[in-house]
Number of protein chains: 2
Amino acid sequence: MNAQLMDGTRLAQQLHAETRRRADAVTLNRGHRPCLATVLVGDDPASATYVRMKQRRCAENGVDSRAVTLPASSTTAEVTAAVRSLDADPMVDGILVQHPVPVPVDERAVFETISHAKDVDGVTSASLAAMALGTPTHRSCTPAGILRLLDSYAVALSGLHVVVVGRSEILGLPVGLLSLCADATVTYCHSHTQDLPTQIGRADVLIAAVGRPQLIRGEWIRAGAVVVDAGYHPGGLGDVETATAAERARLITPVPGGVGPMTIAVLISNTVDAAERGLVSA
Amino acid sequence: MNAQLMDGTRLAQQLHAETRRRADAVTLNRGHRPCLATVLVGDDPASATYVRMKQRRCAENGVDSRAVTLPASSTTAEVTAAVRSLDADPMVDGILVQHPVPVPVDERAVFETISHAKDVDGVTSASLAAMALGTPTHRSCTPAGILRLLDSYAVALSGLHVVVVGRSEILGLPVGLLSLCADATVTYCHSHTQDLPTQIGRADVLIAAVGRPQLIRGEWIRAGAVVVDAGYHPGGLGDVETATAAERARLITPVPGGVGPMTIAVLISNTVDAAERGLVSA
């Protein structure tokens, strides 16, 4: 193992500490805490666990959370009505709708119900366009967490070739757009990409966001590259086959303890941003 | 010269003919023609020429145009007020604000005043996000024209490596997003890209949208590639040094007569889409 590990747990703790100070200042100033509303639809155990983790981190960092739980049988109209009610509530600063919302609810329609100012998870069209245009917004949590992690290890993206594997609306797509705004050359790869190993071998910075365990083999990675693994699968596996990758990479995120902790830290930081002053980048 | 020329003039004529039939049907149905409002700020001769060309093509194809001309001294508030008035007018189906709007007017703020349904030029955040997400929208005219041109020459983008040089909000950025939605592997290059010749040499399909005459040299292009040149500069030059490129490429757009005619044809087609049924892809 030659690569230095990029310690997301430690960086997330630093961000949480900073967020907590800001949250306390907001509370002192306006008399009530910043508040994140979470919306959980259905009874997927993993989704329920993620929501609980987010609520716990809120509580630890001076932020209130308000939980809305809806049955799996909910209609799109019922879920959007719940979101609209939270959006209209001046006591709620930010809204998180836990992804994935179970079919047949139209997740996109639910997301678009959130106003831009309260979209602390960065899932609306308004946030996506703003990330593309470089205008003020809450940045999607995992993508923003990845950029913070790279920055903390002095990886300046300008001019580097970032290869993103995956193009999901809340991860691959926005992390590529944020990298482009940071002046990286950006390549999007996905399930239709031909000769994925060759494309990956061209990366100065590889961002694996494909959601399949160990799809990316270590020997595909260029010696000296930076590897960010946003995957998290049963058994603690990422999207990258880590053992060989760590022999070749210069910097690599562990799984767990890399990207994951940053996601929640950015979410709560975005919530306090919203409480402080509306739309500000994470 | 080995490359086959991609004839944008001919394809634009075909699209215009189809648009004219649809426009006439709308007129018969509702008693008045589809209408494109054009907004020209300042007295840049090139911008004035483009607007006149668009109005002429409207008239030729059964579409009314309404011209709003504002002085270069206009404020952002004055221009947005003019756009808002057109947006509220039920006789106006689509709105084109000619780019570039002269500084110090905030062009982005002006664009965002256009409602999604009337954004037939595809310049708003709502349109950009929809192009990224693959949801219904008017697609930006030059990018949509490029995709139509490729399709008409049987270039199926799925799995191909599209390299876009340039990342402007109305050309490079959206044409890459549309290519990604068409399942291409997409690389964005720009002024910070290192080793541009190497990146360009990897392209199955090169889309040059950089706005500098003959910046891209013919010998950089891979033998058998498809070359789309969206540049148009004095002396009839494109962004690509054509003579050598045409020796190497399999298909290439002429300048003029390639991408340019498609832009206006898509604009008017989008306007008739808006008149017919609201938001539909070009």
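The values are calculated or read from the model by the stated rules, or taken from the named source; none is laboratory data. Note that the structure is predicted; figures quoted are calculated from it, not measured. Neighbour counts run over all protein chains shown; Cβ positions are idealised from the backbone, glycine included.
One table, with the values for the structure above:
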{"quantity": "Test for B:L177: is it within 20 Å of A:C189 (Cα to Cα), among the hydrophobic types (A, V, I, L, M, F, W, C) and surrounded by fewer than 24 Cβ atoms within 10 Å (Cβ to Cβ)", "calculated": "no"}
{"quantity": "Selection count, region A:181-192, where residues are surrounded by 24 or more Cβ atoms within 10 Å (Cβ to Cβ) and touching a helix residue (DSSP H, G or I) at 6+ places or on another chain (Cβ under 8 Å)", "calculated": "5"}
{"quantity": "Residue that is crowded, with 22+ Cβ neighbours inside 10 Å and either over 23 Å from B:G166 (Cα atoms) or out of contact with any Gly (no Cβ under 7 Å at 6 or more places or on another chain) (or both), where the choices are A:L157, A:L196, A:L215", "calculated": "A:L157"}
{"quantity": "Which listed residue is surrounded by 16 or more Cβ atoms within 10 Å (Cβ to Cβ) and either farther than 30 Å from B:C35 by Cβ or of a type in the set (G, A, S) (or both), from B:V259, B:V272, B:V205, B:V266", "calculated": "B:V205"}
{"quantity": "Failed item, numbered, when B:D93 is tested on (1) surrounded by fewer than 19 Cβ atoms within 10 Å (Cβ to Cβ); (2) within 20 Å of B:S127 (Cβ to Cβ)", "calculated": "(1)"}
{"quantity": "Region A:79-117, residues that are part of a helix (DSSP H, G or I) and of a type in the set (D, E, K, R)", "calculated": "A:R84, A:D87, A:E107, A:R108, A:E112"}
{"quantity": "From the options A:G224, A:G235, residue that is modelled with pLDDT under 95, on the phi > 0 side of the Ramachandran plot and not hydroxyl-bearing (S, T, Y)", "calculated": "A:G235"}
{"quantity": "Selection status of A:A23, aliphatic (A, V, I, L, M) and surrounded by fewer than 18 Cβ atoms within 10 Å (Cβ to Cβ)", "calculated": "no"}
{"quantity": "Tabulated pairs, region A:114-128, first within 8 Å of chain B (Cβ to nearest Cβ) and buried (at least 24 other Cβ atoms within 10 Å of the Cβ), second outside any helix (DSSP H, G or I) and of a type in the set (A, V, I, L, M), C-beta under 6 angstrom, 6+ apart or interchain", "calculated": "none"}
{"quantity": "Meets criteria (away from chain B (no Cβ under 14 Å) and closer than 25 Å to A:V210 by Cα) for A:P102", "calculated": "yes"}
{"quantity": "2 or more residues within 14 Å of chain B (Cβ to nearest Cβ), in contact with a strand residue (DSSP E or B) (Cβ under 7 Å, 6 or more places away or on another chain) and closer than 19 Å to B:T198 by Cα: qualifying helices (runs of 4 or more DSSP H) within region A:137-251", "calculated": "A:196-201"}
